Amino acid sequence: MSIKKILVVDDELGIRELLRDILIDEGFEIFVAENATEARELKKNKIPDLILLDIWMPDCDGITLLKEWVNEKFMTSPVVMMSGHGTIDTALEATKIGAFDFLEKPITLQKLLKTVNEALKHANNLPKIEINLLNIGKSEVIQDLKKRLDKLISLKTPLLLVGPQGGCAKICAQYLHPKNQPWIDVKDFEVVSNAPADLLDQHRGGSIFLNEISHLTKSQQKGLNLLISKAANYDVRIICATSKSLTQENDVDFDERILNELLPGSLLLPSINEHKEDIPELASSILTMHLTKSDKSEYKVFDVAALNMMRGMNWLGDIEELESFVFNLMQTSLLEKITAEDVKRVSNQFNLLHDKNKTSKRIKGNKDEGLGDIFNKSLRDARDEFERMYFKHHLNQDDQSMAKLSEVSGVERTHLYRKLKQLGIKVK
């Protein structure tokens with residue numbers, strides 16, 4: 001059994017030393033911080049199993065720091081607040097924000113050990129840390145994506161997420177999924193054709209996610225059509241995703257009825273290469289995620305040169321490839337700090353798994369040429385093509401008018417005429 005690690009954060013030297021000595025005697029590994037800056041660094045690098053956090057600190061109070069960690073949606077350990085008599089109400093408020101419990105100063109030995117042991121037991125029941133939309137980046141590209149998804153989050157209509165293979169489609173689907181409701185990422189498409197009604201019944205009120213629907217056979221498409229038509233009866237949301245055109249380069253023609261249902265709720269997703277400024281933070285988050293799942297007591301951290309090199313690389317497999325890359329670095333690097341040399345070494349290993357012409361572009365930073373279709377174009381041209389397809393679909397409806405198109409698309413009438421002219425679409 002690995003030794004549990006506890007981070008003690010308090011600006012009073014006497015309290016830090018007292019708690020450290022007591023907990024070391026109990027067999028724990030202890031790290032101490034006197035302010036929020038040190039606490040952030042130790043939390044990131046040491047990945048403690050428990051944090052004892054004082055409310056009053058000179059540079060940043062404990063409540064603000066707790067909110068920061070909770071808002072990251074990447075909490076890796078329970079937090080126990082420590083407070084003086086005058087801050088009990090504040091400590092109670094902290095438990096509503098996300099703290100496990102609080103300890104009132106002066107802290108008795110019995111109360112300390114009881115709370116620490118209960119918090120560590122609670123840690124075993126915490127949900128697994130996963131990459132999600134709230135920690136894949138803070139760039140303008142991701143902020144815009146969140147805004148678009150927020151407009152869709154309250155709807156129950158079927159959705160089509162169009163993005164690169166290995167990208168953020170599943171992450172976006174989970175962001176749209178209602179909390180504490182049934183969720184399934186359908187891996188075996190046969191269940192869609194063989195038992196669509198059972199699938200809906202088992203996931204009432206929740207979400208059914210189908211990735212890469214361009215692979216669906218004719219019978220599976222019939223099942224998907226049934227899922228979409230009956231989903232409202234079960235309060236289920238159908239979320240589909242594809243990295244390929246559904247109307248071109250497929251062995252099986254895609255059902256036009258499904259396209260007509262999915263296109264109104266379709267959204268073009270960015271590739272990781274469109275927001276490379278997020279890669280250093282995302283890589284560090286992925287590393288933290290894997291370290292929390294690992295039984296190893298050692299920790300790893302990237303040096304700046306390694307993160308900068310990864311930012312300059314071209315990720316043909318998008319987020320999934322970055323995650324595999326970081327996991328390999330965690331497993332194979334020899335030192336605590338993962339260096340640029342480690343990144344070069346693993347990049348060479350990954351290059352062996354790809355076509356030479358494609359992988360040579362990874363380090364050079366050239367644009368991804370391997371996805372084909374809409375992803376061969378610039379982001380602006382890809383958006384124009386997608387918008388052209390979207391507006392043509394609605395204009396081809398028998399009951400469509402400019403007023404209705406304006407209502408459905410959310411584009412004001414004056415701007416809509418200008419947009420259609422810009423896209424080369426003639427209005428009858």
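The values are calculated or read from the model by the stated rules, or taken from the named source; none is laboratory data. Treat the numbers as computed from the prediction; the structure is a model and nothing was measured. We place every Cβ from the backbone using ideal geometry, glycine too, and count neighbours over all the protein chains shown. Just the protein is used for accessible areas: all its heavy atoms, side chains included, with ligands, DNA and RNA removed. Shrake-Rupley method; radii C 1.70, N 1.55, O 1.52, S 1.80 Å.
Compute the acute angle (0 to 90°) between the alpha-carbon long axis of helix 88-97 and the principal axis of greatest extent of the alpha-carbon atoms of the chain; round to the nearest 10°. So the inclination is approximately 30 degrees. Helix 62-71 and the long axis of the chain differ in direction by around 30°, with both axes built from C-alpha atoms.
Taking each DSSP H run with n ≥ 4 as -39500 (n - 2.57) and averaging over every residue of the chain yields -14500 deg cm²/dmol at 222 nm.
Taken over the Cα atoms of segment 134-192, the convex hull encloses 117 Å³ per residue. Atom-type composition of the exposed protein surface of the chain places 50 percent of the accessible area on carbon and sulfur (1.4 angstrom probe). Ellipsoid fit via the Cα gyration tensor, the chain: semi-axes of 46, 26, 21 Å, each the root of five times an eigenvalue, largest first. For segment 36-55, backbone nitrogen atoms closer than 13 Å to the point 7 Å from K337 Cα along Cα-to-C-beta are found at no residue.
Accessible surface of C60, taken over heavy atoms with a 1.4 Å probe and every protein chain present, rounds to 20 Å².
Above 23 Å, the calculated P(r) of segment 152-258 contains 21 percent of its Cα-Cα pairs.
For the chain, relative contact order (Cα pairs under 8 Å, six or more residues apart, normalised by length) works out to 12 percent. A crude spin-label estimate for the pair K392 and N351, with each label 7 Å from Cα along the Cβ direction, gives 4.1 nm. Projecting the Cα atoms of H203, M81, G14 onto the dipole axis of the chain, where Lys and Arg carry +1 and Asp and Glu carry -1 at the beta carbon, places H203 farthest toward the positive end.
Summarising the label geometry, the points placed 7 Å from Cα in the beta-carbon direction at N117 and I184 lie 4.3 nm from one another.
Ordering T115, G166, S229 by the projection of their Cα atoms onto the charge dipole of the chain, which places +1 on the Cβ of Lys and Arg and -1 on the Cβ of Asp and Glu, puts S229 at the extreme positive end. If the segment from S229 to N308 were pulled out straight at 0.36 nm per residue, it would be longer than the present Cα-Cα gap by 23.6 nm. Remark: accessible surface ordering of I30, I238 (largest first) is I30, I238, probe radius 1.4 Å.
Model label points for E26 and S284, set 7 angstrom from Cα along the Cα-to-Cβ axis, are 3.0 nm apart. For helix 36-46, report the angle its Cα long axis makes with the longest principal axis of the Cα atoms of the chain; keep it between 0 and 90° and round to the nearest 10°. That works out to roughly 70 degrees. Kindly state, to the nearest 0.05, the FRET efficiency for N71 paired with N35, given R0 = 22 Å and r defined as their beta-carbon distance. Taking R0 as 22 Å, the efficiency between N71 and N35 is 0.65. Remark: segment 20-84 carries 41 Å² of accessible area per residue (probe radius 1.4 Å; ligands, DNA and RNA excluded). With 19 Å as the limit on Cα-Cα distance, the pairs of K46/K300; K114/K293; K4/K121; K146/K421; K156/K230 that go past it are K114/K293; K146/K421.
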